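The values are calculated or read from the model by the stated rules, or taken from the named source; none is laboratory data. Note that this is a predicted model, so its numbers are computed, not measured. We place every Cβ from the backbone using ideal geometry, glycine too, and count neighbours over all the protein chains shown. Note: accessible area is taken over every heavy atom of the protein model, side chains too, but ligands, DNA and RNA are not part of it. Shrake-Rupley method; radii C 1.70, N 1.55, O 1.52, S 1.80 Å.
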Amino acid sequence: MSDIGHHQNNYKKFFHILLNKDWLYGCVACLIYLALLLPILIYKNFDFSIFIVAGDKFADSHNLVAPIHIQSNSTGFDGQFYYRIALAPFDFQVTSYGLTIDDPPLRFHRILYPLLVWIFAFGQKSYVSFMMFFVNLCGLVSVFSSCSRLVKYFNLNKIVLLYVLLWPGFLISLTHDTTEIISSALILLSLEAYVKNRTISLFVFSMLAAFTRETGVIFIFGLFVFSIYNFIRDNNKIFFLKKISALVACMLPFLVFQIFLKMKFGHSPASADAVANLGWPLRGVLETIGATLDGSRMYVHQPVFQNIMRFFVVYSILLLVLWSSFVIYRAYAVKKNYDSKLLIATFLPFVFILFCLTGKTGPWVDPISYFRAFTECFILGSFICTIEKPQRPSNVVLSLCAELSCFTIIGGMLFVALALK
């Protein structure tokens, strides 16, 4: 055998092991993201606080308990509020440790990620900025490991693992210390527990998902509707009654916490979001496209990059609309067995809510936000696109590869923009 043939066999063995060892795929995927970020970390002298993206509008450098990078004349980003909660998750003051929380009910509702950071940091405030990055790295291992297991369970085309790996929302969440990675990990673990009939695990992971991000509640709603539908139609009532009970029970701690937040701050995050963020379908999309085209919304300060960013914002939003429409088409086109109906039931509430969010306060306000917000939706949608495993490359696979190439380019641009701040 020639050296070339020998090397080809070694590569085949490596990829075979990689795709069949779920934990190994998760670790390798995580290392890929870490390698992408390593040059920036070296350039910034491994100052992990740059990923907090704190702004001087909410962060007071004179009262911080540990030094972090603060951007001048800036409102910063969501990670600064999770950093503040991670410093003291049981301190519900609006301003503490030199940081002010913009919307306390909303931020404290997403308490699980900063709580995990606080636990991993052993309460040591000097470790928090690093642990925010580290916890999300661990979350990535969980996300990709779960994806690998679910691909086998649903008998999906393994190309979906590449789709998920290339999604720029992970990179954005990782470099902004936000909650989407942990939320995705818990949603996928909940989905695994559901299909494998692990009622206790379903209760635990679903409950934790609800405390991580409101997308967890949307996912639970999808599972609940699917379970009710099957409970009515299926003869095995006990089988689905257990799942319904677990899904109802997991929401009780969430509802109690909602009541506590309302008593503490005067309103609950659920009511605040409903009023501020929801509107007619596609309203946010149209608002953002209009504001981008007429120049009333600026994304970068450098004039030379402004027109480029305008193009990519409009292009990426239209691409997301196209992708979502394509997934909905596939949802109606694929064979409607139990597994496909389950994935469709969890995907549709996500995409409906996302397109009902406004362009002023919702995620459509900027590309960093809407790429993050689509993360869980994108994973489930990619599963739907590969439900029927093609015997050879199909139009579905080729079109998704082309779309993801575009997503990756856009995500790379956003990453470079972050690095140059």
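Details
- Taking 0.36 nm per residue of separation and subtracting the Cα-Cα distance, full extension of the segment from Leu166 to Leu34 would add 46.1 nm.
- Length gained on full extension, Met298 to Asn73: 79.5 nm, using 0.36 nm per residue less the C-alpha separation.
- Region 54-93-region 110-133 distance, computed between alpha-carbon centres (Å): 14 Å
- Residues of region 166-190 with amide N under 19 Å of the 7 Å Cα→Cβ point at Cys27: none
- Nearby aspartates and glutamates by direct alpha-carbon distance to Lys243 (threshold 15 angstrom, same-chain neighbours under 8 apart not counted): Glu192, Asp234
- Förster radius 45 Å - calculated FRET efficiency between Arg198 and Leu41, Cβ distance, rounded to 0.05: 0.75
- Pair Leu255, Ile119: separation of 7 Å Cα→Cβ label points (nm): 2.5 nm
- Accessible surface, 1.4 Å probe, highest first, among residues Lys57, Lys237, Lys335, Lys264: Lys335, Lys57, Lys264, Lys237
- Note on Phe352 and Lys152: their simple-model spin labels are 3.4 nm apart, each label 7 Å out from Cα toward Cβ.
- Region 165-201-region 211-257 distance, computed between alpha-carbon centres (Å): 18 Å
- Stretching Phe92 away from Leu282 to a fully extended chain increases their span by 64.9 nm, per 0.36 nm per residue minus the current alpha-carbon distance.
- In the assembled protein chains, Phe224 presents an accessible area of approximately 70 Å² (probe radius 1.4 Å).
- Entries in Lys21/Lys335; Lys158/Lys336; Lys237/Lys341 that, when Cα-Cα distance is taken, lie over 27 Å: Lys21/Lys335
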